[in-house]
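K.L.:
Dumping the structure here so I can ask a few things about it.
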Amino acid sequence: MGNIAAILVYSFFTFTMIFSVAGPACAQEGTTPPQQTLPQEKTFTLSGTYSIEEIFDLMDKETGIYVNRSSKVIDFSQEVTVYFRKTPVAEVMDKVLGDRLVDWTYRGGNIILFRSQHPVRLNNGEQLITVTGMVMDNDGVALPGVTIMVKGEKKGGVTNGSGFYKIERVHPQSVLIINSIGFLSRQYRLDGEHTKNFILEPAVAQIEAVEVTANTGYQVLKKRETPGAYNVIDSTLINRAVSPNILDRLEGISGGILVSRTPGTINWFPKTPDGADNGFYIRGFNTISPNSVNPNPLIILDNFPYEGNITNINPNDIASMTILKDAGSTSIWGARSGNGVIVLTTKTGKYGEKMKINFNVSMSLGLKPKLHDDIHFIESKDYIEIERTLFSQGFYEQDINNTFNRPAITPVVSLLLRNRNGELNNLELENQLNQLKLNDVRRDFSEHAYRNSFGEQYSINIRGGTKDFSYFLSLGHDRARTKFVRNYQNRTNVVYNNIFKPAKNLEVNAYINYTQNNLQIGNNVAFRGVQSKNGRSGELYPYASFTDKQGNKVPVVKDYNTLFTDSLHRLGYLDWNYYPLDEISNNTNKNTLQNLILKASINYKFLRFFQASLSYQNQRQIINGNNYYSANSYFTRDLVNTFSSYNIATGRITQQLPAGGIMINGDYDWKANNVRGTLGVNRNIKSHGFRLLVGGEVRELDAEGSERAQAGYSDINGTPVTNLNTNILYPLTPVGQGKLNTFLDFDGSTSSFLSRYISYFSVLEYNWDQRLELNLIARRDGGNLFGARTNRKFSPFWAIAGGWSVDKEEFWNVDFVNRYYGSSYLTISRSPDVDPLTGLPTSVILNPPNEDLRWEKSKMLNIGSDFSLFQQHLEGSFDFFTKKSFDLIQRFDVAPQTGFSTVQLNSARTVTRGGELTLNGNWKFSRSVGWRPKLNISWISDKLLEYDQKPTRQSVILLDSRIGMVRLPGKSTKAMFSYKWAGLDAKTGDPQGYLNGEVSKNYTAMLNNFHTDSLVYHGSASPRIFGNVMNDITYKRWNLSVNLYYRFKYYFRKPGLPINYSDLLKGPHQDFSKSWRMAGDERYTNVPSVSVAYNDLRNQFYQRSEVLVEKADNIRLQDIRLSYTVTNTKEISKVKQIELYSYLSNVGIIWRANKLGLDPDLQYTAVLESYRIRPTISIGAILKL
Amino acid sequence: MRITAKISVVIPAILLILLSCNKQNEWLDEPRKKEELTIKSVKDMQELLNNTTIFNTSMPAIGLIGCDNILVKDSELGRVNVIEKNAYLWTKDIYEGQISTDYFTAYKGIVYANVVLESLKNLKIESNDPASYRQISGQACFYRAYMYSELVNLFCKAYNSATANTDKGICIKRSSDVNQIVQRSSVLECYSQILEDATTASSLLGKTGLFTTQPTKLSAWGLLARVYLSMNNYEKSFQFADSVVKNNTQLIDFTF
C-alpha cells in the first residue's frame, strides 16, 4: 500500500486547475484592455518644436483626448518638431512617439502609454489594421475564451461566446499567438489580412480531462463528478483501427477488457437471440456456465440494449464508447449488467453548428492464409508409407471386404489392393505411388479455394444544426471478399439522428438506424473441412489432387468405396464422386439481415429543477437464409443416391427425391420494443448538490423463426417439388432404411424466443462542495425467467458508490448484481415426430422441475483514483477491485435415480481480484515533435471457492475439449490441469504417468485418479496479466502509432499427435515425424509411439498429459498506423482537413514463451483453421468538409 | 404548459400500469420459448406416456450381452463400447467409472411416471375426470412397477424371503424432485413397491388398449405373474399368468 499512498500524495487534482484556468481566459495583467476605436473625426493642428508634454496638453485642449502621463515611460520634456494639419490623433501619437520603445492604447477617452519592444507605427503610408476572425476546433466548433496575442506586444484579444475575436491597430505583418487550454498553441504571421480564422488542434491528454463525459445509457455524466470505474473511448481512438467490427476496434486499447482471439473467420449472424459467447470479457469471467448464462457484456446503443449481432453497427457512426466496469456504474442496468456494460453513443449534430461533412474511405488487403503453417498435416510421402505399412498388417481388410456400408478406400490402398490381386505389377505400383507422393493437397486448396481477402469501407456523414434543430445523417457501405473464393459480405448502414426544440425547455429526438447485411458463404471447400463420413481418412488425404496434369477436374475419394459407387453409376445412379473443384461453386448460401431501429424521445424541463423524459424504441430485425445446393452439388447427389434403390428383378432404379437442387430456407423475425419514462430532479442548495432520477422501463423481445428444406428446387423458376412423403421409411443405399425428414428438415421447424422485462429504478446522487460524492442506485427487475413464483421473478439490485476528491479520487462500491438464467419449472416439449411404433403424438420432458433455481449474484468492491504527474505530462488512473460471485449456476451431475443426468444448480462461488492501471503521457519536444505513450496493464486472478461437482474422468476430458478443465475449489475457474508425465516407456514408446507415486501405464486408473499425485496444476488458461503499450509519435504532419499487446501468466494445451493409427489417419499431425519408433528414441522425444491396435485410453492420457501444456505468454505487434494530416488553416475553404493513413494489423508475435512457434491464442483444436493469422494492410483517407 | 400537462399524465399513467401487479405477473408468465410447455391437461400426460422409446424399446440389455446369444469377433471388440465389452467378457469392473445406461434409462422411465402421477394430483384429475384418471394413472403405475422390476432383476440379489428384509435393494424414488436423493431400500421394500404399483395398475386399467405397446389390465397381471415368479411365489404367479391366458390367447407378432 506504500506505493499507492505515494502516488496519491504526489498526484494533483487536475480538473480544478484546468477549470479555473479555462474560465476567465483574459487573465494576464494589462495585456489586453478592451480596445476602443479612436474617433476618426478628432484631428489636431500644430506645427513647430514643442516638448512632448506641451504637445499632449495642446492636443487635450483641442480634441478632448487626454494622454495619461502617470506611467513615466518616456521623458516628457524632450522636444519634438512636428507639422500637423487636421491630422488624426492616432497619427499624431505615432509621429510624436517616433522610434521610442513606447506604444499606446485608447481607453475610456484617454490614451495610455506603455513600454513596448516593438511599438507599432505607421510607416511609409502603411495603415494599421483591424483583424477579426473566428477560432474553432477540429470539428468546426467555435471556441470561446481563446487568447490571441500579438507577438512582442502587450496587445491582443479574447474570443467571445461565438468564437469571434477582434484586434485593432495591428501591424499588417505581425505575428499572432493563439492560446487555449486544451489545445495546442499556434503562431501565425499576418500578411495584411483583415480576417483570419484559426482551427486549433486538441492537446488530447488535456482535453480528456476537461471534457470527458460518461454515458451510462440513462444519464450523461461528467466524469469528474461520477465515481465509478469506467473507460471512455472517443472517436479518435475508435477510428484508429480499420476493422468493420466495432468490438475489434476495442481490442487492446482499454484496460480490463480481454478479447479472446479467434482466427478471422467471417462474421456470422446469430439467428436466435440466445447469447453465444462473443469472446469478449470485462474483468474476468463472471459465469462458469456460459451455455446457460449469457456470458456477454450488455451492449447499449443509444440508451437501449442492442438486440442482435454487434457487427451490424458501423463504427464510423459511433461518437464514443463507454465501458462500465464496476458495480457502481453497471448496476443502473440491473439484471443484465453482471458481465459489464458497453455503451455506444451515435454521433449527433449540435445546435447552431455549421454543416460539416466527413468522408472516410479505406481499403484492406488480407493475405491469403498459409496452409503450410498448419500443424495438422503429414507429408504425402509419410502418409503413403503409413498406409502401406497398415495395409501390410491387414488394417484395411475389414473395409475391403465390407459389403455392408461400403467405406471409402483411399487411392493408395486401392493401388496396393490391385497390386496384391495381381492387376498391377510392382513397377507400375511404385511409379504410381511416387507420382502421388508429389501431390500436396494444401497446394490445391490454396490455389483453388482460397485467395487474398479484400475489404472496402465507405462512410459519409453530414451534421450540423440551427438554433433549435440539429441533425446527423450518415451513410456507410462496407464490402469484403473473404479469404474463401466466392464468399463475401457487404453491409450498408444508414443513420439519421435529429433533435428538435419546438419550445423552450422541450427537446424531441427522432432516430432511425437501418442496417442491411449480406453474407455469402457458399464455398465450404475449406482445408481440413472436407471430411469423409465413412472412411479411414477423416480429412482429405494429403496426396489428394483437385485437378489432373492438364488442369481438368478430378474426383477425390470421400465417403464410399469408389468401386461400389462407380458400379451404381453404371446402373443409373447419379455420379457419386466428389469433385472439389466443382464444389467451390456448387453451393450458394446467401444470408440477408435487415435491421431497423426507430426511436423517439421527448425531454422536458420544468419548474427549474425537474426534467421528465419519455422514450420509445422499436427494433425489427429480419434475417433470411437461402442455402441452395445445386442439382450438381455433391450434397444433392449424395442425398438423392442415398434415397435411391435398385430393383434387381426389374433392373429399375427408384429415386425418392425429385431431380433438381435442394434449397434450405430460413426466415427469422425479431421484434423488440422498449418504453422508458424517467423523472429527474437536479437541485443545488449552497454547497449541497442533489440529483435524483426515478423511472420505469418495459422491454420485450419476441423472436420467431422457421427453417425448411425443399427438394427438387429449380434455381431458374424458384419452385420446389412439394409432394414429398417425408415421414415414410425408404430403403437407403448402401444400407438401411430412413426417412427424408431425419436427413433434412423437409417438414420445416420453428423456433421462438420471448424475453420480457419490467424494471423500476432510482438513482440518488449527492455531492457536497463538489468534493464528496455519494451515489445510491436501487433497481428492481422482473423477467419471464423463473416460472410462476413472483418472488423469484423479481430481483432487487442496489449499489452505493462514494467518492472523495480533494487532490485524489477514490471510489468504492458495493452491490449485488444478478444475472439471468432460464427455466426452473418443469417444462415439456411436443416432439416434432410421432412415436415410431404407434404413430401417436409424444412429448418429452425438457427441463426437470428445479424450484431452487434462482438468479446468480455478485458483489464488487472497487477502489480507484485518477492522477496527474509532471505538470500533466503524465496522466492516468488505477483501479483495484474484488468481485465475489455466488449462487453461480453450475452444471451438476445428479444421481441417475433422478432420471436426469445433469441439472443446473446455484451452488458455485468464485472470487476475482484484479485491477487496471492506465498511463497516458504527452510530451512535446519541440514545435513539431511530440510523443504520446499509452500503457494499459490489467491483472486478474480468480479462484473457485466452492464447486459442488466432484471431478470425474469425464470432467477432465470432456468438460472443455480445448482446455480440458478440472474445476477444483482453490484453483482458477479456468484452471489448466494435466496428467503428470513420466516419460516414454523405453521398450514400447508408450506414454507413462504416475499412480500412487509409482510410474504407471495403467491409463484407466490414472484417468480415474483425480488426486494430485496423477495431476499437475499449471495455472490459469486465461491471461492473468494483459494489456497494451501504444506509442504515438508526431513529427510535423506525420503521425506514427504502434500498438503492442501483451498477455502473461497463462497456459495453453497444444494439440498432440493422435497415437492410434486409426485416429492419426483421421486427424494428421506433423509430430508424426517425431514419434517414438525404436528403443532409445525416448531420449530425444516425448511423442509416444503410434499404435495399430486401437487404445483409446492411452491416447486420451497423452492428449491431456503434462508434455502438451506450454506457457502461453506472448507479446505481439498488433498494429502500426502511419498517417499524414493536412489541416487547412489559411481560411475556411471547403476542405478543412485531410488525413491519409495506412494501417498494418496482425503484424505478428514478437516474443513468445513457447519454443514451438505456436500462437497460443489460436484455438488449435477447437476450429479447423489453425494456421497463423496473416497481416492485413489497409490504406485510407478521412476528409473533413 | 399544455405539453407539461400531457407528460405529467403520461408518466404516472405508465407507472400505474406497471405497478398493477396482477397484470404485470400475467405479462411475465409467458414462457421464453413457445415449445417449452407446462403440463396442463391429461392430453399432455398421455403424450409423455406415449414414448415407446422410453417405456418399451430401451429395456436393459446388459444381461443379454453377457449371455451366449451374442458373438463378437475378437478383432472387433476394440470398437465396442467399454461397458458392453466388459459385460461381454464378464470383466470384474464392468463400468470403469462410467454411468450404467441400463440403470439410467430405467430411472428415466420412472421419472416420467412420477411426473405424470404428480401432475394428476396437482391438476385434481381424479375428481374432475375420473375416467381419464384411471387410464393415465394406471399406465404410469404400470410403467413404474415395470421399470423397478427390471432394476431389481439386474442390480439386486435374488429375492430370498429369509433375507429380503436386510438385502440391499435399489433406490425407490416416488417424486420427480431432482434435489431429493433417496438411499437404497431393502429388497423387500422394492418388491412391495412393485407389487403395489402393479396391483393398482391392474385395478385401474381396462382389459384392452389402443396399441399393443400400451399397458392394460392384462399386462399388469402379466407383470405380477413375473414378479411373483421372481419371489418364488409360484401360486400367485400361476394365478396371474392364468388370468392373462384366459383373457387373451393371441400372441404378439413381433415381425413388423
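K.L.:
If you take the residues of the range A:1083-1097 that are aliphatic (A, V, I, L, M), in a loop (DSSP other than H, G, I, E, B) and more than 8 Å from every other protein chain (Cβ to nearest Cβ), which of them is nearest to residue A:983 (Cα to Cα)?
P.N.:
Ranking the candidates gives A:1087 first.
K.L.:
Since residue A:987 meets every condition but one in (1) farther than 19 Å from residue A:1060 by Cα; (2) more than 14 Å from chain B (Cβ to nearest Cβ); (3) outside any strand (DSSP E or B); (4) not β-branched (Val, Ile, Thr), which condition does it not meet?
P.N.:
Only one criterion is unmet by residue A:987, namely (1).
K.L.:
Okay, next question. Looking at the range A:588-610, which of its residues are more than 31 Å from the chain's Cα centre (by Cα) and surrounded by 18 or more Cβ atoms within 10 Å (Cβ to Cβ)?
P.N.:
A:602, A:603, A:604
K.L.:
Can you name the condition, by its number, that residue B:164 falls short on among (1) within 14 Å of chain A (Cβ to nearest Cβ); (2) among the small types (Gly, Ala, Ser); (3) touching a Leu at 6+ places or on another chain (Cβ under 6 Å)?
P.N.:
The one condition residue B:164 does not meet is (1).
K.L.:
Given the conditions (1) modelled with pLDDT under 75; (2) within 30 Å of residue B:184 (Cα to Cα); (3) buried (at least 20 other Cβ atoms within 10 Å of the Cβ), report the number of the one that residue A:889 does not fulfil.
P.N.:
(1)
K.L.:
Could I ask something else about it? Just for the range A:763-789: of the residues that are away from every other protein chain (no Cβ under 14 Å) and surrounded by 22 or more Cβ atoms within 10 Å (Cβ to Cβ), which one is modelled with the lowest pLDDT?
P.N.:
Within the range A:763-789, the match that is modelled with the lowest pLDDT is A:773.
K.L.:
Then there is this: From B:149, B:132, which residue is hydroxyl-bearing (Ser, Thr, Tyr), under 16 Å from residue B:196 (Cβ atoms) and assigned to a helix (DSSP H, G or I)? Spell out how you get there, then give the answer.
P.N.:
On the way: B:132 fails: under 16 Å from residue B:196 (Cβ atoms).
Testing whether each residue is hydroxyl-bearing (Ser, Thr, Tyr), under 16 Å from residue B:196 (Cβ atoms) and assigned to a helix (DSSP H, G or I) leaves just B:149.
K.L.:
While we're here: Tell me which residues, restricted to the range A:348-396, are among the polar types (S, T, N, Q) and surrounded by fewer than 17 Cβ atoms within 10 Å (Cβ to Cβ).
P.N.:
Passing the criteria: A:389, A:392, A:393.
K.L.:
What number of residues in the range A:857-893 are outside any strand (DSSP E or B) and among the charged types (D, E, K, R)?
P.N.:
Adding up the residues that qualify gives 0.
K.L.:
Taking the range A:374-426 as the search range and keeping residues that are free of Cβ contacts under 8 Å to residues at least 60 places away in the same chain and of a type in the set (Lys, Arg), which one is nearest to residue A:1073 (Cα to Cα)?
P.N.:
A:381
K.L.:
On to the next question. Could you please give the count of residues in the range A:604-650 that are among the small types (Gly, Ala, Ser) and over 30 Å from residue A:301 (Cβ atoms)?
P.N.:
Residues of the range A:604-650 among the small types (Gly, Ala, Ser): A:612-613, A:615, A:625, A:630-631, A:633, A:644-645, A:649.
Next, only the ones that are over 30 Å from residue A:301 (Cβ atoms) stay: A:630-631, A:633, A:644-645, A:649.
Residues that pass the stated criteria total 6.
K.L.:
Ok, one more. How many residues does the range A:847-875 contain that are out of contact with any Lys or Arg (no Cβ under 9 Å at 6 or more places or on another chain) and either at pLDDT below 75 or surrounded by 20 or more Cβ atoms within 10 Å (Cβ to Cβ) (or both)?
P.N.:
11
K.L.:
Any residue in the range A:993-1007 that's within 14 Å of chain B (Cβ to nearest Cβ) and surrounded by fewer than 18 Cβ atoms within 10 Å (Cβ to Cβ): show its pairings with residues that are of a type in the set (A, V, I, L, M) and not in a loop (DSSP other than H, G, I, E, B) at Cβ separation under 7 Å, as long as the two are six or more apart or on different chains.
P.N.:
If the second residue must be of a type in the set (A, V, I, L, M) and not in a loop (DSSP other than H, G, I, E, B), the pairs left are A:1002/A:995; A:1004/A:1097; A:1005/A:995.
K.L.:
Let me ask another. Within the bounds of the range B:127-136, is there any residue that is of a type in the set (Val, Ile, Thr) and within 23 Å of residue A:846 (Cα to Cα)?
P.N.:
Among the residues of the range B:127-136, at least one is of a type in the set (Val, Ile, Thr) and within 23 Å of residue A:846 (Cα to Cα), which makes the answer yes.
K.L.:
Same structure, new question: Among the residues in the range A:906-917, are any surrounded by 17 or more Cβ atoms within 10 Å (Cβ to Cβ) and within 14 Å of chain B (Cβ to nearest Cβ)?
P.N.:
yes
K.L.:
Continuing with the same structure: Name every residue in the range B:177-191 that is farther than 24 Å from residue A:845 by Cα, over 17 Å from the mean Cα position of the chain (by Cα) and either away from every other protein chain (no Cβ under 14 Å) or not basic (Lys, Arg) (or both), in order of residue number.
P.N.:
B:183, B:185, B:186, B:187, B:188, B:189
K.L.:
Run residue A:418 past the list (1) part of a helix (DSSP H, G or I); (2) under 45 Å from the mean Cα position of the chain (by Cα) and report the number of the one that doesn't hold.
P.N.:
Here residue A:418 meets the rest and fails (2).
K.L.:
If only one of A:451, A:479 is more than 23 Å from the chain's Cα centre (by Cα) and charged (D, E, K, R), which one is it?
P.N.:
Result: A:451 is the single residue among A:451, A:479 that is more than 23 Å from the chain's Cα centre (by Cα) and charged (D, E, K, R).
K.L.:
I've got another one for you. Against the condition surrounded by 17 or more Cβ atoms within 10 Å (Cβ to Cβ), closer than 30 Å to residue A:1183 by Cα, modelled with pLDDT of 80 or more and within 38 Å of the chain's Cα centre (by Cα), how does residue A:198 come out, does it pass?
P.N.:
yes
K.L.:
Scanning the range A:689-700 for residues that are farther than 16 Å from residue A:332 by Cβ and modelled with pLDDT of 90 or more, which turns out nearest to the other protein chains (Cβ to nearest Cβ)? Give the steps one after another, and end with the answer.
P.N.:
Step one: filter the range A:689-700 for residues farther than 16 Å from residue A:332 by Cβ, giving A:689-690, A:698, A:700.
The next check asks that each one be modelled with pLDDT of 90 or more; those that pass are A:698, A:700.
Details: A:698: 7, A:700: 9 Å.
Per the stated criteria, the residue is A:698.
K.L.:
Going residue by residue through the range B:236-255, is there one that turns out to be buried (at least 20 other Cβ atoms within 10 Å of the Cβ), out of contact with any Leu (no Cβ under 8 Å at 6 or more places or on another chain), of a type in the set (A, V, I, L, M, F, W, C) and not in a helix (DSSP H, G or I)?
P.N.:
no
K.L.:
Would it be correct to say that residue A:446 is part of a strand (DSSP E or B) and among the small types (Gly, Ala, Ser)?
P.N.:
So residue A:446 fails the test.
The values are calculated or read from the model by the stated rules, or taken from the named source; none is laboratory data. Just so it is clear, the structure is predicted and the values come from calculations on it, not from any experiment. Cβ sites come from the backbone with ideal geometry, for glycine too, and all protein chains shown count toward neighbours.
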